[in-house]
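In what follows, a structure is listed as structure tokens, so that the remarks can point back to it.
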Amino acid sequence: MRTNFINIFLLSFIPLFVAFDVLGLFPIYIKFTAGMDKKTKTKHLKDSLLTAFIISLLFVIGGNQVMTYLGISMRDFLIAGGIVIFLTAIKDLILGHQIPSTESEYFGVVPLGIPLLAGPAVLATSVIIWNEYPVYYYLISLVLNIAICWIVLYFSGYILKVLGRRAVEAISKVFSLIIASIAIMFIRKGIMGF
């Protein structure tokens, strides 16, 4: 029973962890918060994590209602979500993350919270996990991933000193490759469902 819980938890946690790709966001966060004082940086970080959490929850709840209303099956969403996630991962592999503007006081909400943290990959993965496993697995995975994002971004300066910029960027590319593989798995499961 315990082994089954751990297995299902990992199946919900790992795809969401890879989708958040906090290490991919890491260099952008460091670059654009470098000139900010600690209070402003902390405010933007809180705003971004709260936004990512709320948007992800609203999307899975509202997304399911819309899917039911439109007659979209989970198989359909697995294929469509897989394609979106795959394209997002390929874009990140080839072009890297887009550079945001920090001039707005809402920088923590847009673009840091959405779409950089809670982007298409996170939202599509969230709906798939929400429908594949009991709801509490998704909720635990989401809370833990938000906590990990907070730790990594809050201590970003220290982590960069330890790992170095090249190592962080290399890990980010590996994450993009993993998320592309997860996307292919979603597409395959959707097709096999038919």
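Calculated mean residue ellipticity at 222 nm for the chain: -27500 deg cm²/dmol, from DSSP H runs with n ≥ 4 weighted as -39500 (n - 2.57), summed, divided by the residue count and rounded to 500.
Neighbour counts of C-beta atoms inside 10 Å place 47, 92, 21 in the sequence 47, 92, 21, starting with the fewest.
In this structure the amide hydrogen of residue 107, modeled in the peptide plane, comes within under 5 Å of no amide hydrogen from residues 5 or more places off or on another chain.
Pairs of Lys residues in the chain that lie 8 or more places apart, or on two chains, and have C-alpha atoms under 28 angstrom apart add up to 22. Each residue of segment 140-147 is assigned a 3J(HN,Hα), and the resulting list reads 5, 4, 5, 4, 5, 5, 5, 5 Hz, derived from the Karplus form 6.51 cos²θ - 1.76 cosθ + 1.60 (θ = phi - 60°), x at Gly and Pro. Taken one residue at a time, the phi angles of segment 48-58 give Karplus couplings (6.51, -1.76, 1.60, θ = phi - 60°) of 5, 5, 5, 4, 4, 5, 5, 4, 4, 5, 4 Hz. Gly and Pro are set to x. For segment 165-179, backbone phi angles converted through the Karplus equation (6.51, -1.76, 1.60; θ = phi - 60°) give residue-by-residue couplings of 4, 5, 5, 4, 5, 5, 4, 4, 5, 4, 4, 4, 5, 5, 5 Hz, Gly and Pro being listed as x. When the Cα atoms of segment 29-95 are aligned to their principal axes, the ranges along those axes come out at 49, 30, 11 Å in descending order.
Identify, among 168, 74, 149, the residue whose Cα sits farthest towards the positive end of the charge dipole of segment 37-193, taking +1 on the Cβ of Lys and Arg and -1 on the Cβ of Asp and Glu, with the dipole about the Cα centre. Value computed over the given set: 168. Summary of packing: across the peptides 129-137, 62-70, 49-57, the per-residue average of other C-beta atoms within 10 Å ranks them, highest first, as 49-57, 129-137, 62-70.
Residue 75 sits among other residues whose Cβ lies under 14 Å from its own Cβ, and their net charge, with Lys and Arg +1 and Asp and Glu -1, is 0.
Modelled label positions at residue 165 and residue 38, each set 7 Å beyond Cα in the direction of Cβ, lie 2.5 nm from each other.
Taking the Cα centre of the chain as origin and assigning +1 to Lys and Arg Cβ atoms and -1 to Asp and Glu Cβ atoms, the resulting dipole is close to 440 debye.
No value in this document is a laboratory result; all are computed from the given coordinates. Model, not experiment: these values are computed from the prediction. So basically every Cβ, Gly included, is an ideal-geometry build from the backbone, and we count neighbours across all protein chains shown.
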